[in-house]
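See below for the structure under consideration.
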Amino acid sequence: MQTKIAQLRQQVEAEIGSVTTEDQLEAFRIKFLARKGLVASLFDDLKNVPAPEKPMAGKYLNELRQRTQMLFDEKAASLKSTPHVSAQLDPTLPGRRKFLGTKHPLMQTLDEIKSIFVGMGFGIADGPEIEDDWHNFSALNFPPDHPARDMQDTFFVDRNILLRTHTSPVQIRVMENNTPPIRTIMPGRVYRNEAVSARSLCNFYQVEGLAVDVGITFSELKGTLLSFARRFYGKDIKYRFRPSFFPFTEPSAEMDITCFICRGKGCRMCKQSGWLEILGCGMVDPNVFTSVGYDPEKYTGYAFGMGIERTAALLYGVDDIRLFYENDVRFLRQF
Amino acid sequence: MKLSHNWLQHYIKFKLAPEQLSEQLTMLGLEVESYEHLGEKYKGFVVGQVLEVQKHPNAEKLSVCRVNIGKEVLQIVCGAPNVAAGQKVAVGLSGATVPKNQHDPNGKPFTLSHVKLRGVDSFGMICSEYELDLGPDKDGILVLDRKAKIGRSLSSYLGLDDVAYEIGITPNRPDLLSHFGVAREIGILTGKQPSLPKVKLRESTVSVAKHFSVKVEDKVNCPRFAVRVIRNVKIGPSPEWLQHALRAAGLRPRNNVVDVTNYVMLECGQPMHAFDYAQLRGSKIIVRQAKAGTSFRTLDGKEHTLPEGAVMVCDGVREVSIAGVMGGENSEISDTTTDVVLESAYWNPSSIRRTAKALGITSDAAYRFERGADPHATPYALDRAAELILQTAGGELLKGRIDIYPKKINERIVPLRTSRCNRILGTSLSSSEIVLCLKKLGIAKGKGSADKNFFRVPTFRVDIEREIDLIEEVARVFGYNNIESKTVAAIDLNHPFEKQILADRICDTLVGFGYQEALTISIQSEETSRLTGASPVVLMNPLGKEMSTMRTSLIPGLLEAAARNQSFGNTDLRLFEIGHVFRVDSEPQMVGNIREDERVCLFLSGKNLPRHWKSDSQELTLYDLKGEVADLLDACGLDSWRYIYYSTSETLAENPIFVEINGTTAGFLGKVKGEVCKRFGFEQEAFVAELTLSALKSDKKKKYTALPKFPKVRRDVAFVVDSNVTSEIMERCMKESGSGLLQEVELFDMYEGENLPKGKKSLAFTLVLQSQEKTLVDHEIDTEVRRIVTRVERELGAELRSS
Ligand SMILES: [Zn+2]
């Protein structure tokens, strides 16, 4: 038996060397490796081998089968990567390329966020970037002469007209023009009177969310945003909601997730805290409902908002947000 | 705000480590941004006493000292001229890091090790004030207090065995702007109530009313004003404990009286002010509004012109302090002050804010008063400050306090329905659970019925006015993370948002054409905004001249981006942006007179394709852009649009081609004027198109039309015509002549020059013919083509070229 195995092995080694085409390789496979091939037929012979020799013979036979399969695989791989060069055609010459277009990374991030909320039944709305005091501040429960206005450095066009400092005025416009139920997100560009640096720009993108209906609760706010965060950042994230302050929501919260860069150990991105702040949210303040003529006893609602630059910077590991507005195609093409 | 761990312990005992406290306060809404072990930097520094000083045998300026550091006596080589036996000094041991190297120009820190200096062993270093980063003095070693304990760690000697927290306090919570305020929140965590120290005062027999008087004229803005007078104080540096406390909270100590006022503010949140009694003319204070335009010098030496309505503290003759904002230079405590008038008041928040904002002053006092102080804290703070001044500066406290408080400010009574609380939070808390939560905050239940309870809100909680404010507090104490997360499925039918679909469609189409989406800043210089001829929206408070107006077009931003790319060697560019542009309109708009439009802008320059071995890439031309705009309009589902070629003034492009959709102009395309390119530093031919998004919206419903059953036939014809006959005119002429068989006309060649007479050109077209009823036979085709040719010859003076 062992001689038979050795002979077949020699035959295999010799024949594989002369294979140069796919057809020859297929013939090789049928001859040796197929169900009724030469290797398989030796396995059939195994039953005739005396018991004491059986284990050894079986071992050699297995080795032969593995070797044959390996030679076959190697040859198959090498045939695939060897071009058929002829006088008429060199297939390795480069193909004709196009200039590839890409969507801006901020818009890609925004698209992802939009698609998750649209999937949860939210609509999309927008509003003007130049706003009046009413929509940007007063209707959102920022009283005149209140320090809360200092939280947002504002560009003014005149005493009453300004560049919106957040997308929240769209909440007011949506409520002024619709009756509940409302579930919509409001993406857009906003402005802050801040010197340009690696961490801040005078304009940036936000996406706002608003849900108003009978019976909406803080519990639902948490559930919705948790679903979003799990879809966007990964289903295994750890998260927390902590109290915060926004004039137009009460109770107000900020949502943190464990830093996905250091996995909670603390790094530069999370300012050593192990947590990343991903969004602000809260229950719509009754004063906001009153300013748009909704009955705060009948309706409750929640609102949330997040910055796109920060989200995209975290997601793609961009450490200077000015890059998003320099439009260097070497940067844009990376996304 | 900066808070000291040790200081907090004065009001409430707690065992939480800094890390735990940070985490738990953060979860209560007091975001601990960072914390710092203050003594960290003085690890390995101890208090030592110099026992003996001898001249170094090999160096003129060095001495060899024996220094007792408690556990042992070290030999240290020292170069300072002022070192002397008996001094208590700061000793850095081997392994310690000296915060600042005075021989390094940048003062970089360095680590100590055992060294030999000119042959003599030195086992440590006696440090200067500069080396310890405690002050500027480099000229000699720092000599410590005579009573300093030998062997004590330097950090403990300096009072730095402490942790400083940096906490972000939200503007609605002025009650947290003090150590006691934060201690109240710690009480929620530990279940204990914090308490302020009891004040014990030794008053003289002389009544304050005999020597001083107060009159409040502006009762609206000054609901409460109280003073005490202390005579014969000795102004000097504060004791160690007081200096340590202030330093840990990030304040610089000045003198005992001023330090006490600051200490009391950081203790209980009530800003205080101390006047030099001798400078208050007429021994009285009058609180009244300033005359607009009065000038006043604050104690930081700055001259201010007072605005209308600024509330001022005045003496018998003049202003002495901007109420609740900053004291005046004319009456501040100086080294020669002997008698002190202490002020503790409660001011109307919005009045303080208006004045501080108008004057551009930020101060710790204004910061607290404009957010809202506690009117009930006024007398406590006054007495506490008096107590501490007597302790630290001595003197005689006149009997009694003057306290002008005509209208008592009561605790607010706020109702809360249990059902409403659960309806907002989605919880199922019982009324007693809610009462318990609020009790932890010092908010007690008053009267109540089954569902509705009334709560007494202490005056320091200025943020709690309404039921919803109480609900927030319940949620905070109950714990946001203990509220269940529920998801609800619902569909919004109000906002299907066609605009979004259109913008996505445009974006996807252009990306498909190979365009990169760009986003450029919408604020730009007025010069740039005026290039379009539109009247730009100008900002009142711009960041600078280069950022003073809102963009009137997307073109300049893309030109700038293109120039930047060109400078990096990327010259083949296809860019687009979708964004808002703004201008001032003569008609009222949604917001003021500001017309805001969303536009899409295409920018093209360079080669049409990357280089390839088999075929050349070509320079992009206006026709590339023109074709792509047409494709884009097709992709938007528009069919009734056309190009218009009449010349209108377009300031950015030469020979612009306008796009008219359903009778209105949607935008234009063209080659950017050379001078405009140059202005942005772009040195290639560039083509742009800018279209208004709202005009690209198509109302067309998608509808199926039956596919043709019979084949198309193609015939080529070429004409020679006068050069001024446009291809569009010829096309139209052919289409109008047909019998309905002519489906399409395609121009496939244009030729001018040799073999043609001057002033003539040749245009070649493919005519595509098709019938809906049958397969066309040759003679039908010939008849139709002849009809078309005849008409073109007759109407346009064209001549058929034999093919
Ligand atoms: Zn991290």
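Quick check: anything in the range A:194-212 farther than 26 Å from B:THR549 by Cβ, more than 8 Å from every other protein chain (Cβ to nearest Cβ) and modelled with pLDDT under 95?
So far as the range A:194-212 goes, no, none of its residues is farther than 26 Å from B:THR549 by Cβ, more than 8 Å from every other protein chain (Cβ to nearest Cβ) and modelled with pLDDT under 95.
Tell me, yes or no, whether the range B:190-198 has at least one residue that is within 41 Å of the chain's Cα centre (by Cα) and not in a loop (DSSP other than H, G, I, E, B).
yes
Here are the criteria: (1) part of a helix (DSSP H, G or I); (2) surrounded by fewer than 16 Cβ atoms within 10 Å (Cβ to Cβ). Tell me which single one B:ALA561 does not satisfy.
The one condition B:ALA561 does not meet is (2).
Report the residue count in the range B:698-738 for those that are over 27 Å from B:PHE765 (Cβ atoms) and surrounded by fewer than 15 Cβ atoms within 10 Å (Cβ to Cβ).
7
So A:THR179 ticks every box in (1) assigned to a strand (DSSP E or B); (2) at the interface with chain B (Cβ under 9 Å from one of its Cβ atoms) but one. Which box is left unticked?
Unmet condition: (1).
Considering only the range B:404-452, how many residues are within 13 Å of chain A (Cβ to nearest Cβ), out of contact with any helix residue (DSSP H, G or I) (no Cβ under 8 Å at 6 or more places or on another chain) and surrounded by 13 or more Cβ atoms within 10 Å (Cβ to Cβ)?
2
Looking at this structure, is A:MET56 loosely packed, with under 15 Cβ neighbours inside 10 Å and over 19 Å from A:VAL19 (Cα atoms)?
So A:MET56 passes the test.
Return the pairs, sorted by first residue and then second, in which the second residue is within 13 Å of the ligand (Cβ to nearest atom) and of a type in the set (S, T, N, Q), the first residue lies in the range A:237-264 and is touching a residue at least 12 places away in the same chain (Cβ under 8 Å), the beta carbons are less than 6 Å apart, and the residues are 6+ apart or on different chains.
As it stands, the answer is A:LYS238/A:THR258; A:GLY264/A:THR258, since those pairs meet every condition given.
Here's a check for you: in the range A:287-299, which residue that is at the interface with chain B (Cβ under 10 Å from one of its Cβ atoms) and free of Cβ contacts under 8 Å to residues at least 24 places away in the same chain is nearest to the ligand (Cβ to nearest atom)?
Selected residue: A:PRO296.
Just checking, does the range A:196-208 include any residue being touching a Ser or Thr at 6+ places or on another chain (Cβ under 9 Å), within 16 Å of the ligand (Cβ to nearest atom), closer than 18 Å to A:LEU315 by Cβ and of a type outside the set (Lys, Arg)?
No, every residue in the range A:196-208 fails to be touching a Ser or Thr at 6+ places or on another chain (Cβ under 9 Å), within 16 Å of the ligand (Cβ to nearest atom), closer than 18 Å to A:LEU315 by Cβ and of a type outside the set (Lys, Arg).
From the list A:GLY188, A:GLY215, A:GLY223, which one is within 12 Å of chain B (Cβ to nearest Cβ), away from the ligand (no atom under 16 Å from the Cβ) and within 30 Å of B:SER548 (Cα to Cα)?
On inspection, the qualifying residue turns out to be A:GLY188.
Working only within the range A:127-164, note down all residues that are assigned to a helix (DSSP H, G or I) and either over 26 Å from B:PHE369 (Cα atoms) or over 33 Å from the mean Cα position of the chain (by Cα) (or both). Talk me through it step by step, then tell me what you get.
Restricting attention to the range A:127-164, the residues satisfying the condition of being assigned to a helix (DSSP H, G or I) are A:133-136, A:138-140, A:147-151.
Of everything in the range A:127-164, those that are assigned to a helix (DSSP H, G or I) and either over 26 Å from B:PHE369 (Cα atoms) or over 33 Å from the mean Cα position of the chain (by Cα) (or both) turn out to be A:ASP133, A:TRP134, A:HIS135, A:SER138, A:ALA139, A:PRO147, A:ALA148, A:ARG149, A:ASP150.
Restricted to the range B:498-532, and to residues that are of a type in the set (Ser, Thr, Tyr) and facing chain A (nearest Cβ under 9 Å), which residue is nearest to B:MET550 (Cα to Cα)? Outline the logic, then answer.
From the range B:498-532, those of a type in the set (Ser, Thr, Tyr) are B:509, B:515, B:520, B:522, B:525, B:528-529, B:532; that's our starting set.
Restricting the remaining residues to those that are facing chain A (nearest Cβ under 9 Å) gives B:515, B:520, B:522.
Details: B:TYR515: 25, B:THR520: 12, B:SER522: 6 Å.
Per the criteria, the residue is B:SER522.
For the range B:747-799, what are the residues that are in a loop (DSSP other than H, G, I, E, B) and either surrounded by 15 or more Cβ atoms within 10 Å (Cβ to Cβ) or β-branched (Val, Ile, Thr) (or both)?
Passing the criteria: B:GLN770, B:SER771, B:THR775, B:LEU776, B:VAL777, B:ALA798.
Under the condition of being under 42 Å from the mean Cα position of the chain (by Cα) and charged (D, E, K, R), which residue from the range B:655-677 is nearest to B:VAL600 (Cα to Cα)?
The residue in question is B:LYS671.
Which ranges mark the helices (runs of 4 or more DSSP H) fully within the range B:373-459 that have 1 or more residues being polar (S, T, N, Q), more than 36 Å from the chain's Cα centre (by Cα) and farther than 22 Å from B:LEU196 by Cα?
Once the helices (runs of 4 or more DSSP H) in the range B:373-459 are filtered for at least 1 residues that are polar (S, T, N, Q), more than 36 Å from the chain's Cα centre (by Cα) and farther than 22 Å from B:LEU196 by Cα, what remains is B:418-425, B:431-439.
If I filter the range A:300-320 for residues that are within 16 Å of the ligand (Cβ to nearest atom), among the small types (Gly, Ala, Ser), within 19 Å of the chain's Cα centre (by Cα) and on the phi < 0 side of the Ramachandran plot, do I get at least one hit?
Yes - at least one qualifying residue is present in the range A:300-320.
I need a count of the residues in the range A:71-120 that are among the small types (Gly, Ala, Ser) and buried (at least 17 other Cβ atoms within 10 Å of the Cβ).
Count: 1.
Answer with yes or no whether B:VAL462 is under 27 Å from the mean Cα position of the chain (by Cα) and either assigned to a loop (DSSP other than H, G, I, E, B) or of a type in the set (A, V, I, L, M, F, W, C) (or both).
So B:VAL462 fits the description; yes.
Might you check whether a residue that is in contact with a Lys or Arg (Cβ under 8 Å, 6 or more places away or on another chain) and over 23 Å from A:TYR191 (Cβ atoms) occurs anywhere in the range A:265-279?
Yes - at least one qualifying residue is present in the range A:265-279.
Only one of these conditions is not met by B:GLU36: (1) of a type outside the set (A, V, I, L, M); (2) within 14 Å of another protein chain (Cβ to nearest Cβ); (3) farther than 21 Å from B:PRO99 by Cα; (4) surrounded by fewer than 18 Cβ atoms within 10 Å (Cβ to Cβ). Which number is it?
With respect to (1) of a type outside the set (A, V, I, L, M); (2) within 14 Å of another protein chain (Cβ to nearest Cβ); (3) farther than 21 Å from B:PRO99 by Cα; (4) surrounded by fewer than 18 Cβ atoms within 10 Å (Cβ to Cβ), B:GLU36 is out only on (3).
Identify, please: which residue in the range B:159-195 is more than 14 Å from every other protein chain (Cβ to nearest Cβ) and touching a strand residue (DSSP E or B) at 6+ places or on another chain (Cβ under 8 Å) and is, among those, farthest from B:LEU38 (Cα to Cα)?
Step by step, filter the range B:159-195, then rank; the result is B:VAL182.
Which ones in the range A:229-284 are among the small types (Gly, Ala, Ser), buried (at least 19 other Cβ atoms within 10 Å of the Cβ) and within 11 Å of the ligand (Cβ to nearest atom)?
The one that is among the small types (Gly, Ala, Ser), buried (at least 19 other Cβ atoms within 10 Å of the Cβ) and within 11 Å of the ligand (Cβ to nearest atom): A:SER273.
Anything in the range B:709-746 that is under 60 Å from the mean Cα position of the chain (by Cα) and assigned to a helix (DSSP H, G or I)? List them, or say none.
B:SER727, B:GLU728, B:ILE729, B:GLU731, B:ARG732
Here's a check for you: in the range B:569-584, which residue that is assigned to a loop (DSSP other than H, G, I, E, B) and in contact (Cβ under 8 Å) with a residue 12 or more places away in the chain is farthest from the other protein chains (Cβ to nearest Cβ)?
Applying the filter and picking the extreme gives B:THR571.
Give me the pairs: first residue in the range A:267-284 and over 30 Å from B:LEU425 (Cβ atoms) and without any contact (Cβ under 8 Å) to a residue 12 or more places away in the chain, second residue among the hydrophobic types (A, V, I, L, M, F, W, C) and within 12 Å of the ligand (Cβ to nearest atom), beta-carbon distance under 8 Å, and six or more apart or on different chains, which are they?
A:CYS267/A:CYS259; A:CYS267/A:ILE261
Among the residues of the range B:9-30, which ones are outside any loop (DSSP other than H, G, I, E, B) and surrounded by fewer than 21 Cβ atoms within 10 Å (Cβ to Cβ)?
Passing the criteria: B:PRO18, B:GLU19, B:GLN20, B:GLU23, B:GLN24, B:MET27.
The values are calculated or read from the model by the stated rules, or taken from the named source; none is laboratory data. This one's a predicted model, so the numbers in the text were calculated from it and none came from an experiment. We place every Cβ from the backbone using ideal geometry, glycine too, and count neighbours over all the protein chains shown.
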